[in-house]
Structures are given as structure tokens and as C-alpha cells.
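Input: a single structure, listed below in C-alpha cells.
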């Protein structure tokens with residue numbers, strides 16, 4: 001049959017996103033450390049809020065997300081009117097690429113940024129411009145050097161995924177200052193809570209006319225299964241993006257869970273403390289085993305082995321013990337595994353497995 005209908009430019013160039021594995025055939029004791037999830041699970045207050053909201057599932061949710069935006073504003077010290085909420089930060093990223101780029105435009109991203117970026121760029125029909133990083137850290141000069149008259153957006157993952165590294169404040173400011181104001185800079189800050197002293201780029205989103213910060217409830221709040229995120233930026237940008245946001249994009253249950261979660265600051269503090277302790281423990285143990293790891297500002301580490309074969313051997317040993325991690329070949333690191341930081345028992349299980357693996361090698 002002759003096909004007379006053609007998709008929009010870029011759509012057929014999309015490679016479907018592959019999430020981390022979550023099961024091993026024949027095993028019931030699987031430890032999933034492949035998706036950077038909170039080992040403590042969801043915020044207890046959010047569980048209670050979901051149960052309470054379930055009785056109102058027959059009601060349409062608010063279209064303005066006022067309750068959640070107010071809570072975000074109070075906790076994070078931002079203007080609620082300049083907050084936009086989405087189905088995960090993914091949807092907020094889709095809003096900005098769809099609103100401000102199209103065929104003939106260019107969107108810059110770095111070699112080891114979020115793997116969803118090329119998908120979003122192709123969805124918009126724009127052209128992806130991938131620039132290298134330097135020693136697994138964003139290279140500001142490479143970004144600025146890639147800017148052309150066609151550049152419309154820069155997508156920056158900070159802290160990085162899968163590297164776990166963060167761009168120093170001075171370099172981030174140099175990037176903000178160096179970009180023309182006609183270019184939107186998106187600071188994708190999903191792991192902000194794990195990075196000590198970092199505001200996710202909020203100060204730039206607060207004061208600059210072309211900077212958008214995106215955040216998520218999927219990581220430290222443990223709400224990945226509900227898909228909730230938000231963005232913060234100049235009012236004009238939020239107004240434009242709101243025009244393409246579906247009015248009921250977040251459900252009653254999502255909104256209730258997120259509001260309860262963001263207000264539970266004590267939970268966040270506990271999760272940060274746990275992650276910091278176990279991240280340091282894991283990095284130290286990997287170093288003792290001769291596995292290279294950069295300082296991480298996230299809830300995962302990028303373990304770099306001697307080569308791809310050694311990484312595959314280590315992954316196989318972990319799989320044999322029911323532990324799932326993320327092979328990083330698709331991110332440009334065939335010699336690496338991305339390992340989510342777990343709780344004390346989970347981290348111990350990873351360390352013991354890799355210690356035995358190294359002893360056998």
C-alpha cells in the first residue's frame with residue numbers, strides 16, 4: 001500500500017529511549033540500581049496524600065496547579081507565578097524545545113547530557129548540535145564555540161548524567177554571560193538536592209531573561225512512578241510555554257503527592273545524609289578495587305573500568321548476584337557502569353560482589 005502521509009521532519013530520526021532494566025529472569029531478590037531511584041522509596045507524606053486524593057479521582061484536577069506552585073515557591077524561595085509544572089521534567093523540556101525551536105534551528109547539547117535530548121530535538125524538527133565534554137565535565141568553551149546564528153536553545157544537564165559531575169559556579173556563570181540573550185539556556189537540574197550548596201541554577205532563572213531551570217520529583221522525592229516535574233524561569237517564557245501545556249496534564253493524585261512531598265523538607269534532609277554517606281563509601285571502595293570514579297554530586301556514581309571487557313565482566317558478576325546497574329556504553333562510556341547509590345545494606349551488597357569479582361580476576 002502506498003503511504004501518502006508523511007510524519008513531521010525529525011520524527012523518523014528518533015531512537016526510542018531505553019530505560020534501565022528492572023528484572024532478572026528467575027530471581028526474586030533483584031536489587032535495581034540502574035535508574036537512580038531513591039532507595040528509601042517515596043516520601044511517606046506523599047503516600048498518605050495519594051490515598052486521600054484517590055477519593056476525588058472522579059473530579060478534574062486544577063488547571064493552574066496553584067497549590068503545588070505555591071508549595072514549590074514557599075519551599076524553594078521562588079515566585080509561584082513563574083513556575084510551570086509538567087509530567088516529569090521531561091515534559092517541561094518538551095515544552096521549551098517545542099515552543100522555541102523548529103526546522104532550520106539548532107539546539108546544542110553536550111556529549112554526555114541526558115539521553116532524551118536528541119529525542120526532544122527531533123520532535124521539534126530542529127537540528128541537534130552535540131559538543132564534547134572535557135574529562136567528563138561540561139566544557140563551556142565548546143558550547144560557546146558551537147553557537148551560530150541558527151542556535152536557539154542550549155540544553156545543559158547539571159549535575160551531569162551519567163557522569164555525576166557538576167559545572168563549577170564560576171563556569172556556569174561564564175556560560176550564562178557568554179550566551180546571547182536570544183538563546184534559551186535550559187539548566188536541567190534533576191539532581192540538585194544531592195549537590196551541596198547548589199541551587200540548580202535558580203539565581204540565573206530568577207534574574208536572566210533567557211534562563212530556564214528544570215527540576216523533578218522523580219529522584220530524591222521517590223515519585224518517579226507518578227511523573228511530576230517543574231520549571232522556573234522568566235515570566236514571558238513561562239507564559240509562552242503554558243500556551244502549549246495541556247490544561248489537565250497533571251492529575252489530582254499527582255498534584256496532591258507532589259505538594260505533600262515538597263513540603264516534607266525533613267525527609268529530603270534524611271535522604272541527602274544517607275546518600276552522602278553511602279556515596280562516599282561506594283566511591284572509596286571502588287577506588288580500593290582500582291576502579292576510577294569522579295567525585296559525584298548525584299545519587300549515582302560512574303564506575304570506570306580498565307576497558308569495555310572489564311566493565312562487562314563486572315556487570316556480569318553483579319547480575320549473577322541479582323544486582324542491576326546501567327551499562328554506560330550508550331552514553332559514550334563503554335568502559336563504565338553507572339551505579340545508583342543505595343542504602344547501607346544495598347551498598348554493602350555491591351561492594352562485596354565487586355570485591356569477590358576482583359579477587360577472581
Residues of the range 81-108 satisfying the condition of being assigned to a helix (DSSP H, G or I), touching a helix residue (DSSP H, G or I) at 6+ places or on another chain (Cβ under 9 Å) and in contact (Cβ under 8 Å) with a residue 60 or more places away in the chain: 81, 82, 90, 92, 93, 95, 96, 98, 99, 100
Selection count, the range 50-61, where residues are closer than 24 Å to residue 81 by Cβ and exposed (fewer than 15 other Cβ atoms within 10 Å of the Cβ): 1
Any hit, the range 118-126, residues being over 13 Å from the mean Cα position of the chain (by Cα), more than 16 Å from residue 93 (Cβ to Cβ) and either at pLDDT 95 or above or crowded, with 20+ Cβ neighbours inside 10 Å (or both): no
Condition check for residue 47: surrounded by 13 or more Cβ atoms within 10 Å (Cβ to Cβ) and over 21 Å from the mean Cα position of the chain (by Cα): yes
Evaluation of residue 78 against (1) part of a loop (DSSP other than H, G, I, E, B); (2) surrounded by fewer than 19 Cβ atoms within 10 Å (Cβ to Cβ); (3) touching a residue at least 60 places away in the same chain (Cβ under 8 Å) (one fails), failing number: (2)
Selection within the range 141-170 - part of a helix (DSSP H, G or I), more than 27 Å from residue 326 (Cβ to Cβ) and in contact with a helix residue (DSSP H, G or I) (Cβ under 7 Å, 6 or more places away or on another chain): 144
The range 145-172, residues that are in contact (Cβ under 8 Å) with a residue 24 or more places away in the chain and more than 20 Å from the chain's Cα centre (by Cα): 146, 147, 148, 150, 151, 152, 171
Selection from the range 254-301 of residues that are under 20 Å from the mean Cα position of the chain (by Cα) and not in a helix (DSSP H, G or I): 293, 294, 295, 296, 297, 298, 299, 300, 301
Some residue of the range 305-316 being outside the structural domain of residue 136 (by TED's automatic domain parsing), farther than 25 Å from residue 24 by Cβ and buried (at least 16 other Cβ atoms within 10 Å of the Cβ): no
Odd one out for residue 119 among (1) farther than 20 Å from residue 177 by Cβ; (2) in a loop (DSSP other than H, G, I, E, B); (3) out of contact with any helix residue (DSSP H, G or I) (no Cβ under 8 Å at 6 or more places or on another chain): (2)
Selection count where residues are touching a strand residue (DSSP E or B) at 6+ places or on another chain (Cβ under 9 Å) and more than 18 Å from residue 114 (Cβ to Cβ), scope the range 309-331: 11
Which numbered condition residue 293 fails, given (1) surrounded by 23 or more Cβ atoms within 10 Å (Cβ to Cβ); (2) touching a helix residue (DSSP H, G or I) at 6+ places or on another chain (Cβ under 6 Å); (3) not assigned by TED's automatic domain parsing to the domain that holds residue 193: (1)
Subset tally (residues that are over 13 Å from the mean Cα position of the chain (by Cα), part of a helix (DSSP H, G or I) and in contact (Cβ under 8 Å) with a residue 24 or more places away in the chain) for the range 174-196: 4
Hits in the range 49-72 - residues which are assigned to a helix (DSSP H, G or I) and closer than 14 Å to residue 226 by Cβ: 49, 50, 51, 53, 54, 68
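The values are calculated or read from the model by the stated rules, or taken from the named source; none is laboratory data. Because the structure is a prediction, the values reported are computed rather than measured. Ideal geometry is used to build each Cβ from the backbone, glycine not excepted, and the neighbour counts take in all protein chains shown.
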